[in-house]
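For reference, the structure discussed in these notes is given below.
The values are calculated or read from the model by the stated rules, or taken from the named source; none is laboratory data. Source: prediction; values computed, not measured. For neighbour counting, all protein chains shown are included, and Cβ atoms are generated from backbone atoms with ideal geometry for every residue, glycine included. Quick note on the areas: whole protein, heavy atoms, side chains included, nothing else; ligands and nucleic acids left out. Shrake-Rupley method; radii C 1.70, N 1.55, O 1.52, S 1.80 Å.
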Amino acid sequence: MNDFENKSIFFIGDSITAEGLHIKYLRTHFENTKTNIYLHNKGIPGGRMDMVEFWLDEEFSSLTPEFAVVALGVNDLRIMLYDSAKEETADLLSQRQHFIGVYK
């Protein structure tokens, strides 16, 4: 018997997770191996690390998956703070440090 038979996997993440391509590939794999598995896409566009605690406490507390895949971090980068056209002022550097601290 397959270790994943009749198990649930939750995918928690941002818009990349919400798009669901990797879940589609896994679903195809498990269908090809005749494995009955439940794949749940819990991706939320704009998702960030600081939202995970809320999601776990409020959104997923009544759900009991056997496995979870968490894929976050892209939205935490605040990429607009790394625009090469921006002058690296003390304020900009301070903002970068702040968001790095929040992410950690």
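For the stretch 1-40, the square roots a ≥ b ≥ c of the C-alpha gyration tensor eigenvalues yield an a/c of 1.5 or more together with a/b not exceeding b/c, which makes the shape oblate.
Spin-label model, residue 2/residue 98: points 7 Å from Cα along the beta carbon direction are separated by 4.8 nm.
For the chain, the Cβ-based charge dipole about the Cα centre amounts to some 300 debye (Lys, Arg positive; Asp, Glu negative; other atoms uncharged).
From the largest down, the stretch 53-104 spans 48, 16, 14 angstrom on the principal axes of its Cα atoms.
Please list, or write none, the lysines whose alpha carbon is within less than 20 Å of the alpha carbon of residue 34, excluding same-chain residues fewer than 8 places away. Candidates past the 8-residue exclusion: 7, 24. Compared with the dominant principal axis of the Cα atoms in the chain, helix 90-103 is inclined by about 20°.
Here the chain has 54 percent of its accessible surface on carbon and sulfur atoms, given a 1.4 Å probe and all protein chains in place.
Enclosing the Cα atoms of the stretch 24-69 in their convex hull gives a volume equal to 85 cubic angstrom per residue. Working note: Karplus 6.51/-1.76/1.60 with θ = phi - 60° gives the stretch 60-68 the couplings 10, 4, 8, 9, 10, x, 6, 9, 9 Hz, where Gly and Pro are set to x.
Rolling a 1.4 angstrom probe over the protein heavy atoms with all chains in place gives the chain an accessible area of 70 Å² per residue. Residue by residue, the stretch 82-88 carries 3J(HN,Hα) couplings of 10, 5, 5, 7, 8, 6, 7 Hz when phi is fed to the Karplus relation 6.51 cos²θ - 1.76 cosθ + 1.60 (θ = phi - 60°); x denotes Gly or Pro.
Taking the longest Cα principal axis of the chain as reference, the axis of helix 21-32 is set at about 10 degrees.
Run lengths n ≥ 4 of DSSP H only: what is the helix-derived mean residue ellipticity at 222 nm for the chain, with -39500 (n - 2.57) per run over all residues, to the nearest 500? Mind showing how you got there, number by number?
On the way: 3 runs with 31 residues, N = 104.
Calculated from helices alone, the mean residue ellipticity at 222 nm is -9000 deg cm²/dmol.
In percent, how large is the relative contact order of the chain, given Cα pairs closer than 8 Å and 6 or more residues apart? All intermediate terms of the calculation are to be shown ahead of the outcome.
Numbers: 126 pairs, mean separation 35.6, N = 104.
Relative contact order of the chain: 34 percent.
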